[in-house]
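Written out below as C-alpha cells is the structure these notes cover.
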Amino acid sequence: MKSKYIKDKYEKNFYSKIAWLFLFAIYVLPQYFGFHLAIDFTAQRIMLIIVLFIIFTSQVEVKRFTGMIMELKHSIFIGLYIFVTLYTLVLRADISAFLNPFIEFLILFTLIYLIKTEYGADYVFKWIIRFIYFLLIMGVIEYLLGESLFAKLETIKGLYTGAFVRSGSYRIMGPAIHSLGYGLMLVTMTPFVVFDYKNNRIDFLLRKGLLILLIVNVFLCGSRSTLSILFFELLALFIFSSKEHKRRFGAVFVPFILIMIVVVFLTQNMAFGRYVMLQITSIIDEGFGTNFSVNYGADSALAESSNYRAQLYDIFKLKWLNPLVGIGRKRSFGAEINGSYVYSVDNYYICEYIRYAYPGLFSYILIIFSFLKDFVKKIYRYKDPYCIVLFVGVVSAYANLFWIDSLMNLKYIYILFALFICRDCYSHPLKEIPKEDSKLKTNSKYIKKSVLY
C-alpha cells in the first residue's frame with residue numbers, strides 16, 4: 001500500500017540532503033573540482049543546478065523563489081550590475097563576463113531561499129562552524145606537508161596556481177586557488193568563530209581553540225593585508241562585545257599575549273620565531289616605509305610589491321581603456337605604468353574597472369552600500385550582535401579587496417549577506433526587538449515571516 005506521507009517524507013529527506021550538499025560544496029570544495037564542457041562545471045555550479053532544478057519543477061516554488069528576489073530591495077542594484085555584465089558579454093564576446101557574476105548572485109539568492117525555506121539561520125551557523133574546523137585543521141596539515149591536499153581534487157586545469165613560497169616560507173591556500181584568496185576566506189570566517197549563535201552574543205572564549213587555529217592559519221597564509229585586516233576585525237568585534245565579556249576575555253587574553261611575546265622573543269632565531277616576526281615586521285614596513293623584515297628573511301619582492309600597489313591607481317588614467325565598456329574577463333590585462341609593466345592587479349575594485357569600466361564599478365559599489373546602509377540601520381536601531389558580527393565581517397572582507405582580487409571567493413561574502421537578510425529565520429526570538437515593531441513583518445504571500453526584513 002502506497003502512502004503519500006511516506007513519499008513526502010522520502011522526498012523531504014532527499015531535498016534536505018541535496019540542500020546540505022549545496023552548502024558543503026560552496027563552502028568547502030575548491031573551484032577547480034568538477035569538469036569542463038564548454039564552460040567550467042565546478043562542483044558548486046553542479047549543486048546549484050541540481051537545487052534550482054528541484055525548485056523549478058514546482059510552480060509554487062518558482063513563484064516563491066522569484067517573488068523573494070523581487071521583494072529584495074538590493075535586487076534592483078544587482079540587476080543593474082548584471083545588465084552591465086550582459087552588455088559587456090555582447091560587446092566583448094565574453095561569456096565569462098556575464099556568467100561568472102550571474103552565478104555568484106544566483107548562489108546568493110539560492111542561499112537566501114534555502115535559509116528561509118529549508119535551513120534556518122542557526123542550521124547554517126552550526127554547519128559552517130564545522131566546515132571551518134575542518135578547513136583550519138587542513139590548513140595546518142597543508143603547511144606541514146608543503147602542499148594543499150585539496151590539490152588532489154584538481155580536475156579542471158588552469159585555475160589552481162600551485163604551491164606558493166615567499167621569503168622561504170610556504171603559504172597555505174586551503175581550497176582557494178591562491179593564498180590571497182584563502183586570506184579572504186579567513187576574514188569571512190571570523191564572525192562564525194566568535195559568535196555564540198545559541199545565545200546571540202559575541203564571545204571570543206566560546207571557541208578558543210578555533211580562534212587560535214584561525215589566527216595560525218592567517219599567519220601561515222602569509223598575507224600581510226589579511227593579517228592587518230584580521231587585527232582590526234577582532235578589535236572591532238571586541239569593542240562591540242559586552243562589558244562582562246571584555247573582562248573575562250582580558251583575564252585570559254593578556255596573559256596569553258605576554259606568554260606569546262616571550263616565546264617569539266626566545267625563538268626569534270629559530271624557524272617559528274623568525275616566521276612570526278617576518279609577518280609582523282613586514283606589516284610595519286608596509287605602513288611606515290621601514291625595512292625591519294629584511295632581518296627576518298624578507299626578500300626584495302616584498303618591497304617591490306609595495307611599490308607596485310602604489311602605482312595601480314594610475315590604471316584609471318590609461319587612455320586606451322574605454323571608461324564605459326570594460327575588456328571583460330576573457331582578455332588578459334597588461335600595461336606599462338610609470339616605466340613598469342603591470343600584468344597582475346591585486347585590487348578588486350580596479351579589476352572591476354578593467355573588466356566592466358565605470359558602469360560596472362559604480363553599480364557594484366551601489367550593491368555594497370545598499371547592504372551596508374541596511375546593516376547600519378538595523379545595528380543602530382536594535383543593537384543586535386547577530387547583525388554586528390556579520391557587518392564587521394562584510395566590511396573587513398570588502399576592505400581586504402583593496403589589496404587582492406576576488407579570486408572567485410565573493411560567495412563567502414554573499415553567505416554573510418544571506419544570513420543578514422534571513423535574520424528572522426532563527427530558532428529563537430530576538431529579545432532586542434520590541435513587540436510593537438512586529439508591524440515590520442511583511443504581508444508577502446511568498447515569504448510569510450520577517451522580523452528585520
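The values are calculated or read from the model by the stated rules, or taken from the named source; none is laboratory data. What you see is a predicted model; the values in this text were computed from it and never measured. Please note: Cβ atoms are built from the backbone with ideal geometry, for glycine as well, and neighbour counts cover all protein chains shown. We work out accessible area using only protein heavy atoms, side chains counted, and drop any ligands, DNA or RNA first. Shrake-Rupley method; radii C 1.70, N 1.55, O 1.52, S 1.80 Å.
Of all residues being at pLDDT 65 or above and closer than 19 Å to residue 402 by Cα in region 290-312, which is most open to solvent (accessible area, probe 1.4 Å)? Just the residue, please. The residue in question is 307. Kindly provide the set of residues from region 26-46 that are of a type in the set (Phe, Trp, Tyr) and open to solvent by 30 Å² or more (accessible area, probe 1.4 Å), ordered by number. 33, 35, 41 - these are the residues of region 26-46 that are of a type in the set (Phe, Trp, Tyr) and open to solvent by 30 Å² or more (accessible area, probe 1.4 Å). Pairs are defined by a Cβ separation below 8 Å, a sequence spacing of at least 6 or placement on different chains, a first member in region 315-341 that is without any contact (Cβ under 8 Å) to a residue 12 or more places away in the chain, and a second member that is of a type outside the set (Asp, Glu) and in a loop (DSSP other than H, G, I, E, B); the pairs so defined are 332/343; 334/343; 341/334.
Listed by first and then second residue, the pairs with beta-carbon distance under 6 Å, at least 6 apart or on different chains, first residue in region 198-217 and of a type in the set (A, V, I, L, M, F, W, C), second in a loop (DSSP other than H, G, I, E, B), are 202/241. In region 42-54, the condition of being among the aliphatic types (A, V, I, L, M), touching a residue at least 40 places away in the same chain (Cβ under 8 Å) and out of contact with any Ser or Thr (no Cβ under 8 Å at 6 or more places or on another chain) is met by no residue. Looking at 181, 158, just one residue is more than 16 Å from residue 140 (Cβ to Cβ), of a type in the set (Gly, Ala, Ser) and part of a helix (DSSP H, G or I), and that residue is 181.
When each of 169, 179 is tested for being crowded, with 24+ Cβ neighbours inside 10 Å and out of contact with any Pro (no Cβ under 9 Å at 6 or more places or on another chain), the lone residue that passes is 179.
Apart from one condition, residue 156 fits all of (1) at pLDDT 95 or above; (2) in contact with a strand residue (DSSP E or B) (Cβ under 7 Å, 6 or more places away or on another chain); the exception is (1).
Going through region 186-197 one residue at a time, which ones are in contact (Cβ under 8 Å) with a residue 40 or more places away in the chain and either outside any helix (DSSP H, G or I) or at positive phi (or both)?
Pass one, region 186-197, residues in contact (Cβ under 8 Å) with a residue 40 or more places away in the chain: 186-195, 197.
Matches in region 186-197: 195, 197.
Looking only at residues in region 331-340 that are part of a loop (DSSP other than H, G, I, E, B) and surrounded by fewer than 13 Cβ atoms within 10 Å (Cβ to Cβ), the one that is modelled with the lowest pLDDT is 339. Within region 243-286, the set of residues being open to solvent by 60 Å² or more (accessible area, probe 1.4 Å), touching a residue at least 40 places away in the same chain (Cβ under 8 Å) and touching a Ser or Thr at 6+ places or on another chain (Cβ under 7 Å) comprises 286 only.
Being in contact with a Pro (Cβ under 7 Å, 6 or more places away or on another chain) and open to solvent by 10 Å² or more (accessible area, probe 1.4 Å) is the filter here, so list the residues in region 341-386 that pass it. 358 - this is the single residue of region 341-386 that is in contact with a Pro (Cβ under 7 Å, 6 or more places away or on another chain) and open to solvent by 10 Å² or more (accessible area, probe 1.4 Å). Look at residue 205 and say whether it is open to solvent by 10 Å² or more (accessible area, probe 1.4 Å) and in contact with a Leu (Cβ under 7 Å, 6 or more places away or on another chain). When the stated conditions are applied, residue 205 does not pass them.
Among the helices (runs of 4 or more DSSP H) lying completely within region 205-266, list those that include at least 1 residues that are under 22 Å from the mean Cα position of the chain (by Cα) and among the acidic types (Asp, Glu). Where helices (runs of 4 or more DSSP H) fall fully within region 205-266 and carry at least 1 residues being under 22 Å from the mean Cα position of the chain (by Cα) and among the acidic types (Asp, Glu), they are 224-240. Checking 123, 143 one by one, the residue that is under 21 Å from residue 192 (Cβ atoms), more than 18 Å from the chain's Cα centre (by Cα), at pLDDT below 95 and not in a loop (DSSP other than H, G, I, E, B) is 123 and no other. With respect to the conditions (1) in contact with a helix residue (DSSP H, G or I) (Cβ under 9 Å, 6 or more places away or on another chain); (2) surrounded by 17 or more Cβ atoms within 10 Å (Cβ to Cβ), residue 73 lacks only one, and its number is (2). Being touching a Cys at 6+ places or on another chain (Cβ under 9 Å), β-branched (Val, Ile, Thr) and open to solvent by less than 20 Å² (accessible area, probe 1.4 Å) is the requirement here; does residue 193 meet it? No: the conditions fail for residue 193. Inclusion of residue 225 among residues that are surrounded by 19 or more Cβ atoms within 10 Å (Cβ to Cβ), farther than 19 Å from residue 191 by Cα and touching a helix residue (DSSP H, G or I) at 6+ places or on another chain (Cβ under 7 Å) is not warranted.
Taken as a whole, region 396-411 holds no residue that is open to solvent by 10 Å² or more (accessible area, probe 1.4 Å) and within 19 Å of residue 198 (Cα to Cα). Of all residues in region 123-147, those being open to solvent by 40 Å² or more (accessible area, probe 1.4 Å) and touching a residue at least 24 places away in the same chain (Cβ under 8 Å) number 7. Report yes if residue 79 is open to solvent by less than 50 Å² (accessible area, probe 1.4 Å), small (Gly, Ala, Ser), without any contact (Cβ under 8 Å) to a residue 40 or more places away in the chain and at positive phi, otherwise no. Taking the combined requirement at face value, the residue does not satisfy it.
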